[in-house]
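Asker: Here it is, the structure, as C-alpha cells.
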Amino acid sequence: MKERQLSPTQKITFAAMLLALSVIMTFIAKTIPMGAFYYLRFSLTPSLIIYTSLTLGPLYGAIVGLFSDLLPALAYPQGSYNFLISIVYILLGILPWCLAKLTKRFRSALHKPYAFYVALAIIFIIICSLFYGTELLDESFGANAVWAKPTILAVVFVLDIGLCVGLYFTNKYYQKRILENPDVPSPNETALIALVSEVVLMDVLKALAFFLWYNFLANETFPLSYWFVFSMLIMGSPVNILIIVFADSWMLIFTKRFIHAYGWASDKPGKKSKEKKKETKEIVLEESDDYDEKIEKRRRISWIIFFTVLILAMVACILVIKLI
C-alpha cells in the first residue's frame, strides 16, 4: 500500500495498536490446551504481523513480529527464552512485504490461483504421509490414533475446500472494486503470501529453531527430532493459512475503505485563485474550514469503525479456534 499516505506518527500509532492485539492473541493462543502436541499452535498473531508488513512496511512488520514473541515470552515464561523463535517472527514481518512487491509483477497470472490450490493439495498429502507413512506422531495420538487421524484429515479436507470456495468469492468481490483498490494486494496474492509465509517460516524455519535450540543452545539440551516438530506444525498449517487469508484479505480492504479513503485525505477543494475576487476567496476559505471539520469527523469515525470491525473479527476467530 502507499505508505506515503501515512505520517510517521500515524504509522507508530497504528503499529502500536496492532502490536497490542498481537500480544493479546499470543497470550490467548498459549492458553489453548494442545495435549501431547506441544508445538502445535493456532493463533491470530501471524495474520496480524503479516497485515502490519503489508500495510506499514517491513520495518514496522519486523518490530511487531519481534515484540509479539518477546513480550509474551518474558511475561509468560515457559522454560528458557528461545531467541531463534523471535528471529522467525522478525522474518515474518519482512517476508510478506517482499512477496507483495514480487506478486505485483505477475498479478494477472494469479487471476486464477491454481498453484495455490495445488499447494494446498500437496500439504494435505504430506499430512497423510506423516500420519500413515511414519510413526512420528503415534505417541502423541496414543490410543486415539485410530479415529483421531481420519477425523483430523476430514477436518483439514473440509477446511481446504472451504478456503478455496471462500477465496474465489472474496477475490470476485475484490475484482469488482479493483479500480478502487489498485494498490491493495488481491485476495489471491494474499493467499500466496500466506501460504509461503506459513510453510517456509512458521513450519520449516520454526521447526528448525526448536531443533537447534533444544539440541545445541539450551542450558539443558535433550534430543529432539526436527521432523517430529515439523509434523506438528505442518498439521496446523491449513487452519493457520485459512485464518491469514481471510483475516488479512478483508482487513486490507477495510483499511483502504475506512482509513486510506477517508482517514487521511489530504486534497482540499476550493483552492484560492489569484483571479478570484476577495468575496469569492472568503467563501472558499469558509468552505475549506467546513471541509476540514468534515474530514476530521471522518477520521475519528473511520478509526472507530475500522478497529471495531478488526476486534470483532479477532473475537470471532478466537471462538472458531476454541471450537476447533
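Asker: What single numbered condition from (1) of a type in the set (Phe, Trp, Tyr); (2) crowded, with 18+ Cβ neighbours inside 10 Å; (3) more than 30 Å from Lys112 (Cβ to Cβ) fails to hold for Phe141?
Answerer: Status for Phe141: all satisfied but (2).
Asker: If you take the residues in region 92-111 that are touching a helix residue (DSSP H, G or I) at 6+ places or on another chain (Cβ under 8 Å) and either surrounded by fewer than 18 Cβ atoms within 10 Å (Cβ to Cβ) or of a type in the set (Ser, Thr, Tyr) (or both), which one is modelled with the highest pLDDT?
Answerer: Out of the qualifying residues, it is Cys98.
Asker: Taking Val196 and the conditions (1) β-branched (Val, Ile, Thr); (2) surrounded by 14 or more Cβ atoms within 10 Å (Cβ to Cβ); (3) modelled with pLDDT under 95, which numbered condition does it fall short on, given that it satisfies the others?
Answerer: (3)
Asker: Scan region 72-96 for residues that are assigned to a loop (DSSP other than H, G, I, E, B) and farther than 20 Å from Tyr38 by Cα and report the count.
Answerer: 2
Asker: Condition first: within 23 Å of the chain's Cα centre (by Cα), surrounded by fewer than 23 Cβ atoms within 10 Å (Cβ to Cβ) and assigned to a helix (DSSP H, G or I). Now tell me which residues in region 175-191 satisfy that.
Answerer: Gln175
Asker: Going through Lys104, Lys149 one at a time, which residue ends up being among the basic types (Lys, Arg), assigned to a helix (DSSP H, G or I) and within 23 Å of the chain's Cα centre (by Cα)?
Answerer: Values: Lys149 fails: within 23 Å of the chain's Cα centre (by Cα).
Result: Lys104 is the single residue among Lys104, Lys149 that is among the basic types (Lys, Arg), assigned to a helix (DSSP H, G or I) and within 23 Å of the chain's Cα centre (by Cα).
Asker: Sticking with this one: Return a yes/no flag: does region 47-70 have any residue that is among the polar types (S, T, N, Q), touching a residue at least 24 places away in the same chain (Cβ under 8 Å) and surrounded by fewer than 23 Cβ atoms within 10 Å (Cβ to Cβ).
Answerer: No; the residues of region 47-70 include none that is among the polar types (S, T, N, Q), touching a residue at least 24 places away in the same chain (Cβ under 8 Å) and surrounded by fewer than 23 Cβ atoms within 10 Å (Cβ to Cβ).
Asker: Turning to a different aspect of this structure: What number of residues in region 194-235 are assigned to a helix (DSSP H, G or I) and either free of Cβ contacts under 8 Å to residues at least 24 places away in the same chain or of a type outside the set (Val, Ile, Thr) (or both)?
Answerer: Number satisfying all stated conditions: 28.
Asker: So how many residues does region 123-134 have that are closer than 17 Å to Leu167 by Cβ and either of a type in the set (A, V, I, L, M) or at pLDDT below 90 (or both)?
Answerer: Summing the residues that are closer than 17 Å to Leu167 by Cβ and either of a type in the set (A, V, I, L, M) or at pLDDT below 90 (or both) in region 123-134 gives 1.
The values are calculated or read from the model by the stated rules, or taken from the named source; none is laboratory data. The structure displayed is predicted, hence computed values, not measured ones. For neighbour counting, all protein chains shown are included, and Cβ atoms are generated from backbone atoms with ideal geometry for every residue, glycine included.
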